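A.B. asks: Take this structure first; my questions come after.
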């Protein structure tokens, strides 16, 4: 393993490193990270920084005895500017702030616009610093954690490596806090159920992500051909090891044949707004988009509009396909009623037209 041949690297820094006491920014752990970024740039590598911690950074200016969602948004707004100022001082070169929501990433035009903006920053030697826009986003529009956000950013710009800096050494075969004999997994060739079981829950009281979200992020990134690392950002030696071409944590190996970009975006970035259960016996896998019609619907979950992304599953809950819906949930609920279907003409457009769009359709791996 070596970062020497990686042209473009995304570095994700967690809240426990930005504000280890949960009450304002601290440079204690960030000096080593900033030096790592500076050294990578000095040898011609492009860096994008995904930085958590705005809420923890802004906490010091607010009375948090009664915490509310609105208060957290205000803390994020105040902390974001403080955090940006700190990063710019540490790296001592121009930076750019990008605040994103999942709605930005799920819209294809906005997703491509984000990519173009990042590309322009990198081309002109400006360090992009990305964070979720906590100040404006509603819960259903959130990515939810910056681990997954960092993977989405990495895939959007076709990064070569993703480094997630956290407060543990990497992925262990059991919880190292509870089991002193837990062993560090240095290389993960394939992310499967066994890997997710090892991930457990969150270990940090400061951030929103735990090891689980880091595995999710690694799955997104590696399937796009991006080597992914989890390292301990509390240890400056970890960055020295990376620069020396060594692996100081857990290395998730990239797919040799990545998923195509548009298919990857639909599979791993776009959130489904609803679920439609269909009769799998009525579906031709080889002619997926044409065979999933109103006549195959069994039931509908969630509220969604025309153009929203949905997941189609069979009666056993197995996911079949993810795609944009040609109909609203209201109309699909109408078509799911057998009495309604019997009253419709068998040649009815509603029964025979595909309920999903051909654009960006993703046949899922477990189908």
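A.B. asks: Going by the conditions given, is residue 257 within 24 Å of residue 5 (Cβ to Cβ), in contact with a strand residue (DSSP E or B) (Cβ under 6 Å, 6 or more places away or on another chain) and either outside the structural domain of residue 145 (by TED's automatic domain parsing) or exposed (fewer than 14 other Cβ atoms within 10 Å of the Cβ) (or both)?
C.D. replies: In short, no.
A.B. asks: Sticking with this one: Any chance you could count how many residues in region 46-70 are under 30 Å from residue 4 (Cβ atoms), out of contact with any strand residue (DSSP E or B) (no Cβ under 6 Å at 6 or more places or on another chain) and surrounded by fewer than 24 Cβ atoms within 10 Å (Cβ to Cβ)?
C.D. replies: Counting residues in region 46-70 that are under 30 Å from residue 4 (Cβ atoms), out of contact with any strand residue (DSSP E or B) (no Cβ under 6 Å at 6 or more places or on another chain) and surrounded by fewer than 24 Cβ atoms within 10 Å (Cβ to Cβ) gives 0.
A.B. asks: Can you name the residue in region 120-135 that is surrounded by 15 or more Cβ atoms within 10 Å (Cβ to Cβ) and modelled with pLDDT of 95 or more and, of all such residues, is nearest to residue 150 (Cα to Cα)?
C.D. replies: 130
A.B. asks: For region 1-75, please list each of the helices (runs of 4 or more DSSP H) lying entirely inside it that holds at least 2 residues being more than 30 Å from residue 254 (Cβ to Cβ) and without any contact (Cβ under 8 Å) to a residue 40 or more places away in the chain.
C.D. replies: 54-58
A.B. asks: Further question on the same structure: If residue 191 meets every condition in (1) at pLDDT 90 or above; (2) in a loop (DSSP other than H, G, I, E, B); (3) under 23 Å from residue 29 (Cα atoms); (4) in contact with a helix residue (DSSP H, G or I) (Cβ under 6 Å, 6 or more places away or on another chain) apart from one, which number is that one?
C.D. replies: Only one criterion in (1) at pLDDT 90 or above; (2) in a loop (DSSP other than H, G, I, E, B); (3) under 23 Å from residue 29 (Cα atoms); (4) in contact with a helix residue (DSSP H, G or I) (Cβ under 6 Å, 6 or more places away or on another chain) is unmet by residue 191, namely (3).
A.B. asks: Test residue 70 against the stated conditions and say whether it is out of contact with any helix residue (DSSP H, G or I) (no Cβ under 7 Å at 6 or more places or on another chain), within 30 Å of residue 309 (Cα to Cα) and in the same structural domain as residue 155 (by TED's automatic domain parsing).
C.D. replies: Spelling it out, residue 70 is indeed out of contact with any helix residue (DSSP H, G or I) (no Cβ under 7 Å at 6 or more places or on another chain), within 30 Å of residue 309 (Cα to Cα) and in the same structural domain as residue 155 (by TED's automatic domain parsing).
A.B. asks: Follow-up question, since we're still on this one. Here are 302, 249, 245, 317: which of them is modelled with pLDDT of 85 or more and out of contact with any strand residue (DSSP E or B) (no Cβ under 9 Å at 6 or more places or on another chain)?
C.D. replies: 245
A.B. asks: Quick one: in region 71-94, which of the residues that are touching a strand residue (DSSP E or B) at 6+ places or on another chain (Cβ under 8 Å) and buried (at least 18 other Cβ atoms within 10 Å of the Cβ) is nearest to residue 42 (Cα to Cα)?
C.D. replies: Restricting to residues being touching a strand residue (DSSP E or B) at 6+ places or on another chain (Cβ under 8 Å) and buried (at least 18 other Cβ atoms within 10 Å of the Cβ), the top hit is 91.
The values are calculated or read from the model by the stated rules, or taken from the named source; none is laboratory data. Here the structure is a predicted model, which is why all the values come from computation and not from measurement. Every residue, glycine as well, gets a Cβ built from its backbone with ideal geometry; the counts of neighbours run over all protein chains shown.
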